[in-house]
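Before anything else, here's the structure in question.
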Amino acid sequence: VLALVTTADSLEGIWLTQRTVTSFIPWLLGVVWAIAYFAVQEGLWGTTLGKALCGLRVAGVNGEPIRAGSALLRATVFNIGIVIAPLYALFAYSAGRYRESLSTGELLFSDLLMFILCFGLFVTMRRRNGYAAIHDLISRSRVVSASSADAETAVAPFGTNALPAKVHGPRV
């Protein structure tokens with residue numbers, strides 16, 4: 001993960017400024033690694049290292065661990081920004097224009113697009129759907145507590161539940 005975080009921007013920058021097959025392959029491998037990080041761990045063990053350290057796991061709507069296909073779908077949707085934003089930059093900017101933005105530190109729309117796509121995944125989070133993000137809804141999964149008491153109960157369904165007319169007590 002540390003290698004990916006420290007090299008992802010540079011791999012993307014190299015590919016978008018050189019635009020060769022030899023610069024594309026490392027970027028593509030970085031994307032595959034980012035998706036595989038979540039898909040493999042969540043598909044095999046139901047959690048990633050980070051989720052496990054926080055006492056969390058990924059479960060299907062029935063409370064059972066998700067299958068490999070659902071884990072791959074979930075990870076791909078979660079990482080969609082790291083695919084779409086560079087592809088947008090590839091078609092929207094010339095190699096020289098992209099190189100200039102890197103040297104001056106100028107933010108391009110593709111940078112904003114990455115932000116929109118990454119944080120846009122969470123616009124669906126509402127109490128009535130169990131705070132499910134887009135990648136949760138598409139893969140029919142949810143991040144839940146990994147405690148043994150919680151693991152025995154099914155995850156709340158994604159159906160819409162009526163909210164009380166007035167909420168009593170403190171609100172954040």
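The values are calculated or read from the model by the stated rules, or taken from the named source; none is laboratory data. The structure presented is a predicted model; accordingly, all values stated were derived computationally and were not measured. Positions of Cβ are generated from backbone atoms using ideal geometry, with glycine treated the same way; all protein chains shown enter the neighbour counts. To get the accessible areas, we keep the full protein, side chains included, count just its heavy atoms, and leave off ligands, DNA and RNA. Shrake-Rupley method; radii C 1.70, N 1.55, O 1.52, S 1.80 Å.
In segment 44-75, how many residues are at pLDDT below 95, part of a helix (DSSP H, G or I) and buried (at least 19 other Cβ atoms within 10 Å of the Cβ)?
Within segment 44-75, residues that are at pLDDT below 95, part of a helix (DSSP H, G or I) and buried (at least 19 other Cβ atoms within 10 Å of the Cβ) number 1.
Could you check, for segment 76-83, whether at least one of its residues is closer than 22 Å to Leu137 by Cα, modelled with pLDDT under 95, open to solvent by less than 30 Å² (accessible area, probe 1.4 Å) and in a helix (DSSP H, G or I)?
yes
Then there's this: It is to be established whether one or more residues within segment 48-64 are of a type in the set (A, V, I, L, M) and under 28 Å from Glu12 (Cα atoms).
Yes, there is a match, as at least one residue in segment 48-64 is of a type in the set (A, V, I, L, M) and under 28 Å from Glu12 (Cα atoms).
Considering only residues that are assigned to a helix (DSSP H, G or I) and either open to solvent by less than 60 Å² (accessible area, probe 1.4 Å) or free of Cβ contacts under 8 Å to residues at least 24 places away in the same chain (or both), look in segment 84-93 and name the one that is farthest from Val32 (Cα to Cα).
Residue satisfying both the conditions and the ranking: Ala92.
Listed here are the residues, each with its yes/no results for (1) of a type in the set (S, T, N, Q); (2) within 20 Å of Val32 (Cα to Cα); (3) under 13 Å from the mean Cα position of the chain (by Cα).
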site: Asn62; (1), (2), (3): yes, no, no
site: Arg67; (1), (2), (3): no, yes, no
site: Asn79; (1), (2), (3): yes, yes, yes
site: Ala95; (1), (2), (3): no, no, no
site: Glu100; (1), (2), (3): no, no, no
site: Leu117; (1), (2), (3): no, yes, yes
site: Phe122; (1), (2), (3): no, no, yes
site: Arg126; (1), (2), (3): no, no, no
site: Ile138; (1), (2), (3): no, yes, yes
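Please verify whether Arg97 is part of a helix (DSSP H, G or I) and at pLDDT 70 or above, treating the condition exactly as stated.
yes
Tally up the residues in segment 97-131 that are touching a Ser or Thr at 6+ places or on another chain (Cβ under 8 Å) and either open to solvent by less than 40 Å² (accessible area, probe 1.4 Å) or under 18 Å from Ser23 (Cβ atoms) (or both), please.
5
In segment 132-143, which residue that is touching a helix residue (DSSP H, G or I) at 6+ places or on another chain (Cβ under 6 Å) and open to solvent by less than 70 Å² (accessible area, probe 1.4 Å) is farthest from Ile66 (Cα to Cα)?
His135
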